[in-house]
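Here's the structure, in structure tokens; my notes come after.
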Amino acid sequence: MKLAVVFPGIGYHVDKPLLYYGKKVAAAHGYDLMDVPYGNFPSGVKGDAKKMEECFYLALEQAEELLKDVDFSAYEEVLFLSKSVGTAIASAYGKKHHLTTKNVYFTPVAQSFPLMEQPGIVFHGTKDGWVKTEIVKAECEKRNLPLFIIADANHSLETGEWERDLVNLLDVMRKVDRYLGEETAE
């Protein structure tokens, strides 16, 4: 048995393209799916370190409550699909509960990297207004995390050109598909 747990971003819910299709790819690989629908965040978070920290602790507290009855030991493999601040929540939750997970980190924020200790793959857009590409490159290199960069894409990995966005989304999901098909290193 395999479980995929989905940690959304602040405004990027599980029905948005990266997580919606990420879940479809995970299901195709035999993962049971579980969303972590935390919310009720303050507004005006971008650029406000205090509000970002508040969101992190609020979401982590909600994740604890939402996942309290999950027996992770019942699964051979656990995957965390996470987006934005969800990458920090997933990483902190996994660390606190001593979980070994595979990870798909969609557009992590800078504050996520110190928590990202589990293996995974990272996706980032060069026009992401939450974190500079140079920081993402350096942090991924430090952690030996494969990084896939989408040129001219924002924090949602979108460029504003719908055809290009669909091509990019397909490419991202193919990379997720390949990653999920790999054997977990012991």
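The values are calculated or read from the model by the stated rules, or taken from the named source; none is laboratory data. Note that the coordinates shown come from a computational prediction; the quantities given were computed from them, not determined experimentally. With ideal geometry, Cβ positions are generated from the backbone for all residues, glycine too; neighbour counts draw on all protein chains shown. The accessibility values were calculated without ligands, DNA or RNA, using every heavy atom of the protein model including side chains. Shrake-Rupley method; radii C 1.70, N 1.55, O 1.52, S 1.80 Å.
Values as computed for the structure displayed
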item	result
Exclusive hit being in contact with a Pro (Cβ under 8 Å, 6 or more places away or on another chain), open to solvent by 10 Å² or more (accessible area, probe 1.4 Å) and not in a helix (DSSP H, G or I), set 99, 145	145
Candidates 78, 85, filtered to the one that is surrounded by 14 or more Cβ atoms within 10 Å (Cβ to Cβ) and at pLDDT 95 or above	78
Restricting the range 1-12 to residues that are out of contact with any helix residue (DSSP H, G or I) (no Cβ under 6 Å at 6 or more places or on another chain) and not in a strand (DSSP E or B), the residue that is modelled with the highest pLDDT	1
Test: residue in the range 40-58 that is touching a strand residue (DSSP E or B) at 6+ places or on another chain (Cβ under 8 Å) and loosely packed, with under 14 Cβ neighbours inside 10 Å	no
Residue under evaluation residue 110, criteria (1) surrounded by fewer than 20 Cβ atoms within 10 Å (Cβ to Cβ); (2) of a type in the set (A, V, I, L, M, F, W, C); (3) touching a strand residue (DSSP E or B) at 6+ places or on another chain (Cβ under 6 Å), criterion not met	(3)
Test for residue 164: is it under 24 Å from residue 16 (Cβ atoms), free of Cβ contacts under 8 Å to residues at least 24 places away in the same chain, surrounded by 13 or more Cβ atoms within 10 Å (Cβ to Cβ) and not β-branched (Val, Ile, Thr)	yes
Long-range neighbours under 7 Å by Cβ, at least six apart or interchain, first residue within 16 Å of residue 46 (Cβ to Cβ) within the range 145-159, second open to solvent by less than 60 Å² (accessible area, probe 1.4 Å) and assigned to a strand (DSSP E or B)	154/125; 155/125
Cross-chain or 6+ apart pairs with Cβ under 8 Å, the range 117-136 first and over 25 Å from residue 95 (Cβ atoms) and modelled with pLDDT under 95, then assigned to a loop (DSSP other than H, G, I, E, B) and not basic (Lys, Arg)	129/154; 129/155
Every residue from the range 13-31 that is in contact with a Phe, Trp or Tyr (Cβ under 8 Å, 6 or more places away or on another chain) and either assigned to a loop (DSSP other than H, G, I, E, B) or of a type in the set (D, E, K, R) (or both)	14
